[in-house]
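What follows is a set of notes on a single structure, which appears directly below.
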Amino acid sequence: MTRLAGLLDKARADLEESPKNALGEERDSRWRGRRIVRVGSAWHLGVLLLTEDAVFATADVLKVVQPDRRGQISEAAQQRAELIRRCLLGGFRVGEIVHVGWEAIDLDEGGGPLKMHDGVPFVQLSSTGRPLPAESYLAEQVAILRQ
């Protein structure tokens, strides 16, 4: 995966001045209850989250908003509202973008959306979609983020 490591290093260099999103992780304590706390930050590159020294597969992406009172909402919307409430309890500000449920990807073994085929790294966007070459995928995502 050394070729992939080189591509990720190039993306990091290209994104040095670009904004990052927060990485959050659920914590539970007897005194503070269940909340989501800040554990770092990363550049959001589609299905990947890139930090200075790691890469993660994305999961839930939340925009922290003030809770509002709604009538009946779907179970999925209730679950999302609860995650946002936990972000507020964990100290995130309204308007922040927070990633939760992300998973680390081992560059030596691959995993998540990163795949190797004949020594060439690919990004798998979905279980049914065709994998895209990581080089062009990263270049496109970096260009989008730098706009």
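Things worth noting here:
- Contact order normalised by residue count of the chain, Cα under 8 Å, 6+ apart, percent: 28 percent
- The 1.4 Å probe gives accessible areas that order LYS20, LYS115, LYS63, largest first, as LYS63, LYS115, LYS20.
- Solvent-accessible area of TRP43 with every protein chain in place, 1.4 Å probe, in Å² to the nearest 10: 10 Å²
- Inter-centroid distance (Cα atoms) of the range 62-105 relative to the range 36-57, Å: 17 Å
- Max-minus-min Cα coordinates of the range 30-101 on each principal axis give 42, 30, 21 Å, with the largest extent listed first.
- Only helices enter this figure: runs of n ≥ 4 DSSP H residues, each worth -39500 (n - 2.57), summed and divided by the residues of the chain, yield -9000 deg cm²/dmol at 222 nm to the nearest 500.
- Here GLU82 sits with roughly 60 square angstrom of accessible surface, probe radius 1.4 Å.
- Accessible-area value, GLU140, 1.4 Å probe, nucleic acids and ligands omitted, Å²: 110 Å²
- Mean accessible surface per residue for the range 14-91, computed with a 1.4 Å probe while every protein chain stays in place, in Å²: 64 Å²
- 3J(HN,Hα) from dihedral phi, the range 15-24, Karplus parametrisation 6.51/-1.76/1.60, rounded to Hz, x for glycine, proline: 9, 3, 9, 7, x, 10, 9, 7, 9, x
- Just the protein heavy atoms count here, and of the accessible area of the chain at 1.4 Å, carbon and sulfur take up 48 percent.
- Principal axis dimensions, largest first and in whole angstrom, of the chain by Cα: 51, 33, 33
- Value in Å of the Kirkwood radius, where the range 1-52 supplies the Cα pairs that are averaged: 12.9 Å
The values are calculated or read from the model by the stated rules, or taken from the named source; none is laboratory data. As the structure is a computational prediction, the values presented were derived from the model and not from experiment. Accessible surface is based on the protein model in full, side chains and every heavy atom, while ligands, DNA and RNA are left aside. Shrake-Rupley method; radii C 1.70, N 1.55, O 1.52, S 1.80 Å.
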